[in-house]
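The values are calculated or read from the model by the stated rules, or taken from the named source; none is laboratory data. Owing to the predicted nature of the structure, the values given are computational and were not obtained by experimental measurement. Counting neighbours? That spans all protein chains shown, and the Cβs are built from the backbone with ideal geometry, glycine included.
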Amino acid sequence: MNERTILHSDLNNFYASVESLYHPELKGRPIAVLGDPETRHGIVLAKNYEAKAYNVATGDTMFQAERKCPGIVFLPPHFELYEKYSKMVREIYCGYTDKVESFGLDECWLDVTGSRYLFGTGSEIADKLRRRVKSELGLTVSVGVSFNKIFAKLGSDMKKPDATTVIESGSYKEKVWKLPVNDLLFVGRATYAKLEKMGVFNIGQLAQTDPKLLRNWLGKQGITLWRYANGMDDSPVADCQAVSQIKSVGNSSTAPRDLVTDSDLKILLMALCEHVSARLRKHCLFCWTVQVSIRYNDLNWVERQGKLDIPNRTSASLFKLAWELVRNNRSGKPVRSLGVRACDLECSDHMQLSLFEDIEKISKNEKLDSAVDSLRRRYGSGAVVKGLMLTDKVLSSPPSVKEHSGISFGR
């Protein structure tokens with residue numbers, strides 16, 4: 001059987017590295033990229049290796065980073081610049097294969113199975129990519145080389161910066177199984193906590209756990225993770241020009257102040273629901289599930305989700321369910337940021353009928369939302385505002401709303 005050769009490339013400290021290109025005077029100094037400190041968006045998005053030496057971590061507040069690293073330089077993010085460099089890096093990759101799949105702005109998978117006859121082994125191709133990215137763009141990249149996407153991703157994380165790591169099918173257990181189980185892709189915080197509780201601490205222990213037990217603990221995800229740990233990932237790499245399938249649409253924002261009252265929470269939540277609703281209409285999508293994330297001022301967070309009785313995308317329906325989830329699941333601590341995500345999407349030009357929903361009411365809300373979209377496109381985002389949101393214009397127009405779309409992992 002002809003074994004695949006998959007690369008996973010990861011640009012090192014991407015945001016901070018791009019900023020360093022435009023600030024040569026800061027060479028050798030610790031820097032961190034974060035939002036506007038004046039409006040409390042001071043969360044570290046990226047840092048260079050000089051800052052990492054002081055244990056500055058992504059997600060640290062500005063004040064935490066300063067305590068760890070006195071004299072650290074904070075820079076605001078320039079996302080349009082990061083997108084520009086991300087596209088230029090992809091152009092280099094597409095010169096070696098037509099199968100390049102993005103995983104965020106700074107990571108890509110490449111299937112170079114058919115390219116080996118032209119450019120050499122997977123390791124040789126990885127080294128060529130690293131040299132070109134460094135010489136042409138001034139950035140460094142770490143590359144993992146393996147026989148599937150999961151292990152290639154693990155490889156790119158194992159040695160940084162500017163390194164190639166190979167994980168072969170005949171010896172992957174020696175390299176992979178000793179790694180912490182949360183190094184495996186898709187083992188998030190909640191899943192890791194469940195596995196740790198069951199005595200599964202590394203990938204080898206996961207691989208050797210009875211898959212029936214994993215299914216009982218984690219549902220279908222348990223079987224998937226067991227297969228990944230045993231090197232059984234066969235998901236393909238998407239074509240260079242393929243449009244990724246949108247699996248979810250969401251927005252989140254860090255509030256300019258701690259949110260304590262129901263009124264404060266409702267205002268920001270409504271603003272986020274309107275963003276998500278508009279994006280769903282833009283892509284002709286309806287959702288079955290609404291997910292909310294609540295992050296407190298101590299940086300602990302929870303996620304909860306609920307089902308709609310009928311798939312739709314109106315801001316009123318999203319807000320009704322989102323507020324129910326927030327109200328029923330929040331603690332008494334002040335809230336620092338909120339997120340709303342629409343999941344279980346359907347692509348359709350019309351809503352399904354249901355005996356259990358007021359279709360006429362939803363249809364009216366759909367028409368109303370569409371009319372608001374049109375007015376805002378023509379006259380600006382503040383042309384039409386709900387009465388609730390007039391009580392606090394700062395919260396109703398969050399300065400740092402982040403968009404996020406979940407992308408399908410396999411085709």
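The helices (runs of 4 or more DSSP H) found entirely in region 117-231 that carry 3 or more residues being surrounded by 15 or more Cβ atoms within 10 Å (Cβ to Cβ), in the same structural domain as Ser102 (by TED's automatic domain parsing) and not charged (D, E, K, R) are 122-137, 149-158. Hey, among Tyr49, Tyr93, Tyr85, which residue is under 14 Å from Phe14 (Cβ atoms), buried (at least 21 other Cβ atoms within 10 Å of the Cβ) and in contact (Cβ under 8 Å) with a residue 60 or more places away in the chain? Residue meeting the stated conditions: Tyr85.
The set of residues in region 308-335 being assigned to a strand (DSSP E or B), farther than 24 Å from Thr58 by Cβ and touching a residue at least 24 places away in the same chain (Cβ under 8 Å) consists of Asp309, Ile310, Pro311, Asn312.
Restricted to region 63-82, and to residues there that are touching a residue at least 24 places away in the same chain (Cβ under 8 Å) and assigned to a helix (DSSP H, G or I), the residue that is surrounded by the most Cβ atoms within 10 Å (Cβ to Cβ) is Ala65.
With Val56, Val44, Val33, Val18 as the choices, which residue is buried (at least 16 other Cβ atoms within 10 Å of the Cβ), in a loop (DSSP other than H, G, I, E, B) and of a type in the set (Val, Ile, Thr)? Steps first, please.
Values: Val44 fails: in a loop (DSSP other than H, G, I, E, B); Val33 fails: in a loop (DSSP other than H, G, I, E, B); Val18 fails: in a loop (DSSP other than H, G, I, E, B).
After ruling out the rest, the residue left standing is Val56.
Condition (residue is touching a residue at least 24 places away in the same chain (Cβ under 8 Å), within 30 Å of Ala152 (Cα to Cα) and surrounded by 18 or more Cβ atoms within 10 Å (Cβ to Cβ)) applied to region 263-271: is it met by at least one residue? For region 263-271, residues touching a residue at least 24 places away in the same chain (Cβ under 8 Å), within 30 Å of Ala152 (Cα to Cα) and surrounded by 18 or more Cβ atoms within 10 Å (Cβ to Cβ): absent. Could you grab me the full set of residues in region 144-159 that are within 8 Å of Ile6 (Cβ to Cβ), within 19 Å of the chain's Cα centre (by Cα) and not small (Gly, Ala, Ser)? Answer for region 144-159, where residues must be within 8 Å of Ile6 (Cβ to Cβ), within 19 Å of the chain's Cα centre (by Cα) and not small (Gly, Ala, Ser): just Lys149.
Just one of the listed residues (Val372, Val335, Val384) is among the β-branched types (Val, Ile, Thr) and modelled with pLDDT of 90 or more, and it is Val335.
Each row is one residue, and each column tells you yes or no for (1) closer than 16 Å to Glu324 by Cβ; (2) of a type in the set (Val, Ile, Thr).
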position: Val249; (1), (2): no, yes
position: Ser253; (1), (2): no, no
position: Asp262; (1), (2): yes, no
position: Lys266; (1), (2): yes, no
position: Leu269; (1), (2): yes, no
position: His275; (1), (2): no, no
position: Arg279; (1), (2): no, no
